[in-house]
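Notes follow the structure.
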Amino acid sequence: MRILVISDIHANYTAFETVLKDAQGMWDYVWCLGDVVGYGPDPNDCVEKLRELPHLCLAGNHDWAALDRLDIRTFNPDARRAVDWTRETLTSDNTHWLEALPVTFVIGDYTLAHASPREPIWEYILETKTASDNFPHFETPYCLVGHTHQPVIYEQVTEYDTTATRPNYGKQRHLNGRRQIINPGSVGQPRDTDPRAAYALLDFEKNIWEHRRVPYDVSSVQRRMRQYRMPERLIARLEMGM
C-alpha cells in the first residue's frame with residue numbers, strides 16, 4: 001500500500017491540487033493529518049476534493065475552530081478573522097464531515113495525530129525536547145504529526161537523546177525501526193521559509209518514506225484571498241513560506 005501523507009492544507013485548493021498532480025500514480029490511499037480548512041480561501045473545495053479520494057483524515061485545531069470547539073480568543077486577530085470567515089463559508093454538509101473526524105488513529109506501525117500524541121489538537125513539536133517528552137505517549141514505532149508546518153524527522157536514540165533530521169527531498173529513507181516522530185510539512189501554509197507545498201509518500205509495508213516539495217501558483221491564491229478581503233498578513237506570508 002502506497003500512502004500519500006498530507007497535512008495542513010489550510011483551504012489552499014491550488015496547493016492541494018498541485019500536490020495531487022505531482023504525486024499522480026504514486027499512491028493508493030491518502031492520510032491527512034488535519035487542518036483541512038483555516039487561513040485560505042477555498043475551504044469547501046478542499047474538503048470536497050479530499051472527500052472524493054480514498055482517505056483517512058484527522059481533525060486539526062483549525063478544523064475544530066471552524067466548528068466552534070476551540071476558544072478562538074487564543075488566536076491572533078488575523079487568525080480569528082479567518083476562522084469567522086471559514087465558519088460563514090463552509091456548507092452544512094462539509095461542516096458535518098469535519099465534525100466526524102477523529103483526533104488520533106493507529107494503523108499498523110503508525111500512530112497519527114495532528115499536533116502531538118500527547119496533545120493531539122494543540123501541542124507544537126518544534127524541538128527535540130518536546131519530541132522526547134512525546135515518545136512515551138504512543139506505542140507504535142512511528143508517529144506522524146503536522147501542525148507546525150515544518151517537515152522534520154525526530155528519532156529517539158536513547159530515552160534522553162532525540163535527534164532532528166531535516167528532509168532530503170526526493171530521496172527515499174528506510175525507517176529503521178527506531179522510534180520516530182515524522183512531520184510531512186504543510187501543503188497549503190508552509191512555515192520553514194520555503195513557500196513550496198510540502199507532502200510525503202510512504203510505502204506502508206516496507207516503511208519507506210520520502211519527503212517531497214512542489215511549487216504552486218501562490219499569486220492565484222493571494223488574488224482569491226484579496227477578493228474575500230482576508231487579512232493582508234495572511235496573504236503575504238504565503239509567498240515567504242512563513
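Bear in mind these aren't lab numbers, they're just calculated from the coordinates by the rules spelled out. Just so you know, these numbers come straight off a predicted model, no measurement behind them. Every residue, glycine as well, gets a Cβ built from its backbone with ideal geometry; the counts of neighbours run over all protein chains shown.
Worth a mention:
- Taking the number of Cβ atoms within 10 Å of each Cβ as an exposure proxy, the fewest-first ranking of Lys49, Lys206 is Lys206, Lys49.
- Taking 17 Å as the straight-line reach from the Cα of Lys21, the lysines in range (excluding those fewer than 8 positions away in the same chain) are Lys49.
- Within the chain, percent of DSSP bridges classed antiparallel, to nearest 5: 65
- Computed over the chain, the per-residue total of -39500 (n - 2.57) for DSSP H runs of n ≥ 4 gives a 222 nm mean residue ellipticity of -8500 deg cm²/dmol, rounded to 500.
- Cα centre as origin, Lys/Arg/Asp/Glu Cβ charges: region 47-103 dipole, Debye: 140
- Candidate lysines - alpha carbon under 16 Å from Lys171, same-chain residues fewer than 8 apart omitted: Lys206
- Ranking of Val157, Val187 by count of other Cβ atoms within 10 Å, fewest first: Val157, Val187
- Applying a 4.7 Å cutoff between beta carbons, the unpaired cysteines of the chain are Cys46, Cys143.
- Overall form of region 77-145 per C-alpha gyration tensor (a/c, 1.5; a/b vs b/c): oblate
- Ranking Ala82, Met225, Leu20 by Cα position along the charge dipole of region 2-240, where only Lys, Arg, Asp and Glu carry charges on their C-beta atoms, puts Met225 farthest toward the positive end.
- Cβ-defined net charge surrounding Asp78, 13 Å radius [Lys, Arg +1; Asp, Glu -1]: +3
- Among Cys57, Ile153, Pro190 the positive-end extreme of the charge dipole of the chain (Cβ point charges): Pro190
- Listing Ser7, Ser219, Ser186, Ser92 from fewest to most neighbouring C-beta atoms within 10 Å gives Ser92, Ser219, Ser186, Ser7.
- The chain, Cα convex hull volume normalised per residue, Å³: 110
- Charged side chains reduced to their Cβ positions (Lys and Arg at +1, Asp and Glu at -1) give the chain a dipole of some 600 debye around its Cα centre.
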